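What follows is one structure encoded as structure tokens, with my remarks underneath.
The values are calculated or read from the model by the stated rules, or taken from the named source; none is laboratory data. Treat the numbers as computed from the prediction; the structure is a model and nothing was measured. Every residue, glycine among them, receives a Cβ derived from its backbone with ideal geometry; neighbour counts consider all protein chains shown. We work out accessible area using only protein heavy atoms, side chains counted, and drop any ligands, DNA or RNA first. Shrake-Rupley method; radii C 1.70, N 1.55, O 1.52, S 1.80 Å.
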Amino acid sequence: MALLGMFVHSIGMGVYNVHSMSTRQRLAPPEYLGRVTASYRLLSHGAIPLGAILGGLSMDLFGGVTTMVAIGTLVSLWAVVLLFTPFMRLDGIAPTGLSA
């Protein structure tokens, strides 16, 4: 089960990385692309230590199994929520500063 989960996660991360980079490149003006990418990386990679602390505290307070089930449930629910957001339908958006 863990191997299957890691496999699916790896494929999902590859797809996510391609889509998030493509979206940033398409929506950000060229002169701001470096700043947009740096800000994105600061927020996404800067959250890793915070998640580690919260995960450790949760494991201490609620135990390993409860924490893993809760996190797995939350991640799955968030994926379903994202399927119904406008972000999933960005096909018609023209790059900033250019006409469609």
Handout entry: The listed residue being part of a helix (DSSP H, G or I) and within 15 Å of the chain's Cα centre (by Cα), out of LEU61, LEU77
Key = LEU77
Exercise for the section: Could you tell me whether SER20 is closer than 18 Å to LEU82 by Cβ, assigned to a helix (DSSP H, G or I) and out of contact with any helix residue (DSSP H, G or I) (no Cβ under 7 Å at 6 or more places or on another chain)? Expected result: yes
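For residues that are open to solvent by 100 Å² or more (accessible area, probe 1.4 Å) and not β-branched (Val, Ile, Thr), tally how many sit in the stretch 27-53. It would help to see each step written out before you state the result.
Pass one, the stretch 27-53, residues open to solvent by 100 Å² or more (accessible area, probe 1.4 Å): 30-32, 35, 41-43, 45, 48, 50, 53.
From the residues that got through so far, the ones that are not β-branched (Val, Ile, Thr) too are 30-32, 35, 41-43, 45, 50.
Total satisfying the criteria: 9.
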